[in-house]
Amino acid sequence: MSSRIVTLPNLLTVVRMFLIPVFVICLYYQSFWWALFLFVIAGLTDGLDGMLARRFDQKSQLGTILDPIADKLLLVTAFVTLSLPAIINRSALPPPHDNLHLPIPFWVTTAVISRDVFIVVGAAAINIVTGFRNFRPSWLGKANTVVQITAIVIILLATQIPLLRGYVLPTVYALVFAFALFSGIHYIFHAARLLGERPSRPETTP
């Protein structure tokens, strides 16, 4: 693991972080197609920086910290912003205006944020108590991220395509909530397993 700061994967991660306020500005001005474009670009940089880090052996300590932070900032910002009634002006959306299922229900956004806070606080507490910091994402955690990214894409499309509203959005909301809940619970057992895999410290003789 390199200690370098300026690497191509890290630059892509920083670009992704800079795209977040631009993404929010597009949402504020009801430019949902541009917001979708920026969100997709940010998602592509997420996959590209990991691929480049492996391909050119540019994995770095900074990258392992910045990359998940950038991902969570983008997703949490998207869920929070799209939960605000002031952002999604129903009268400005293409008709019909009944059963919009927009903005995102607050209970969905609460589940997304609570899961991340729970994991971050839990990891910090374990690190303080045991010194363990080798937390790796679980398969369910990765699936949760994919579900959330897909959900934001569908929600942004639904603002402009009425066909995606009716039954699609409630299903998307239910999936996001379920994955946030179960991946958060699963991480408890995942962290316990990682702790159990730690090499035991050799006993010192007086």
Give me the number: length gained by fully extending Ala124 to Ile188, i.e. 0.36 nm times residue separation minus the C-alpha to C-alpha distance, one decimal in nm. 21.7 nm
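Fewest Cβ neighbours within 10 Å first, please rank Asp116, Asp46, Asp98 accordingly. Walk me through the intermediate numbers first.
Working: Asp116 17, Asp46 20, Asp98 9.
Taking fewest neighbouring Cβ atoms as first place, the list is Asp98, Asp116, Asp46.
When the dipole is taken about the Cα centre of region 90-199, and only Lys, Arg (+1) and Asp, Glu (-1) are charged at their Cβ, what size is it in debye, to the nearest 20?
Values: 8 positive and 3 negative charges, 55 e Å.
For region 90-199, the charge dipole is close to 260 debye.
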Compute the normalised compactness of region 124-188: alpha-carbon radius of gyration over 2.2 N^0.38 Å, N being the residue count. 1.49
Work out the charge dipole of the chain with +1 on the Cβ of Lys and Arg and -1 on the Cβ of Asp and Glu about the Cα centre, then indicate which of Thr64, Phe179, Ile87 is farthest towards its positive end. Thr64
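Full-extension gain between Leu175 and Val15, please, as 0.36 nm times their residue separation minus the C-alpha to C-alpha distance.
Working: separation 160, 0.36 × 160 = 57.60 nm, distance 2.93 nm.
Length gained between Leu175 and Val15: 54.7 nm.
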Which of Val112, Val129, Val76 has the fewest other C-beta atoms within 10 Å, and how do the rest follow up to the most? Val129, Val76, Val112
Quick calc, the chain, dipole around Cα centre from Cβ unit charges on Lys, Arg (+) and Asp, Glu (-), nearest 20 debye, gives 300 debye
Cα-centred dipole magnitude for region 1-81, charges only on beta-carbon of K, R (+1) and D, E (-1), debye, nearest 20: 120 debye
Could you tell me which of Phe106, Gln148, Val120 has its Cα farthest along the dipole of the chain towards the positive end, charges placed at Cβ (Lys, Arg +1; Asp, Glu -1), taken about the Cα centre? Val120
Please build a GNM for the chain, connecting alpha carbons under 10 Å apart, and tell me which residue among Ala35, Ala158, Ala86 fluctuates the most. Ala86
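Bear in mind that the values in this text are calculations on the coordinates, not laboratory data. Just so you know, these numbers come straight off a predicted model, no measurement behind them. Cβ sites come from the backbone with ideal geometry, for glycine too, and all protein chains shown count toward neighbours.
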